[in-house]
1. Just one of Ala244, Ala219, Ala148 is farther than 26 Å from Phe27 by Cα and hydrophobic (A, V, I, L, M, F, W, C); which is it?
2. Say whether the condition of being acidic (Asp, Glu), more than 27 Å from Pro135 (Cα to Cα) and outside any helix (DSSP H, G or I) is met by at least one residue in the range 226-243.
3. For Thr198, only one of the following conditions fails: (1) touching a residue at least 40 places away in the same chain (Cβ under 8 Å); (2) of a type in the set (Val, Ile, Thr); (3) in a helix (DSSP H, G or I). What is its number?
4. Search the range 37-86 for residues being over 17 Å from the mean Cα position of the chain (by Cα) and part of a helix (DSSP H, G or I), and hand back the single one that is surrounded by the most Cβ atoms within 10 Å (Cβ to Cβ).
5. So, restricting to helices (runs of 4 or more DSSP H) that lie completely within the range 88-184, which ones have at least 2 residues that are of a type in the set (Gly, Ala, Ser) and under 19 Å from the mean Cα position of the chain (by Cα)?
6. Select, from Arg246, Arg178, Arg185, the only residue that is surrounded by fewer than 18 Cβ atoms within 10 Å (Cβ to Cβ), modelled with pLDDT under 95, in contact with a strand residue (DSSP E or B) (Cβ under 8 Å, 6 or more places away or on another chain) and not small (Gly, Ala, Ser).
7. Can you tell which of Thr234, Thr207, Thr255 is modelled with pLDDT under 95 and either of a type outside the set (Asp, Glu) or closer than 22 Å to Ala149 by Cα (or both)?
Amino acid sequence: MSKILPTYFISHGGGPWPWVPQMREIFQPLEAALKDMVKNHGEKPKAILMISGHWEEREVKVMGASQPPMLYDYYGFPPETYQIRYDAPGAPTIAQRTVNLLNDVGIKAKLDRSRGFDHGTFAPMAVMYPEADVPLFQVSMLTSYDPAAHLAIGRALAPLREEGVMIVGSGLSMHNLRLSNGQGRLPSAEFDQWLYDTLMSDPATRTQRIIEWENAPSARICHEDEDHLVPLFTALGAAENDMATRIFHHVSAFTGNTVSNYKFG
């Protein structure tokens, strides 16, 4: 695979939604978008590097197991959802390459051979590649959530795009579980418009606006904690000078919230 692969920022939905019929119905538009993303991507990647909004560490950790276990990091769902299997192989050789790329630019990183797939990874992957036949590994976020630091992580990982690795940031462009009954409709629409305008800007402007994302309209209403936005920073950093394309834009009939997914490159 010689072409430079794009990177992505996707919404991963809620909990184990692909295995819960009522939830899967709600997330049908997201499911369709994820399937279209894979179809339009074309050839299966050599591996997928996922940055999930559900793994953060003080220093960067890279999943290094050859057969990663499952991590059921959700609560209150049917018992059978704690028996879900997504048995994609890991990518230990590429994981070590990832650690080396980070260390080479002064970003402390090391392998974690015990970490399992969290639902921010295995839920969307079950829709994207249901056969679990693409090697898959995760890279953690930093607990600092610092935008500039995560953009730098992405820049360090950019060479993997030329080596057949699909880099995916998995979170949500609007994540505030406290808002219900349409309370998030206006703030999510405001923030989503800001995000679109920002990502469509020239690269220098885009990077600076992302670093200063807290100044966006309704930023802290949509992201009281930015754990689900941070994966965007790394996906963008790995394709910092590339064009952005919005590949999913949806107003939920269930919550009223607006969410969007993006492709870079």
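The values are calculated or read from the model by the stated rules, or taken from the named source; none is laboratory data. These numbers were taken from a predicted model, which means no experiment stands behind them. Using ideal geometry, Cβ is built from the backbone for each residue, glycine included, and neighbour counts are taken over all protein chains shown.
1. After ruling out the rest, the residue left standing is Ala148.
2. no
3. Thr198 satisfies all of (1) touching a residue at least 40 places away in the same chain (Cβ under 8 Å); (2) of a type in the set (Val, Ile, Thr); (3) in a helix (DSSP H, G or I) except (1).
4. Thr81
5. 119-128, 147-157
6. Only one candidate qualifies: Arg185.
7. When all the criteria are applied, what remains is Thr255.
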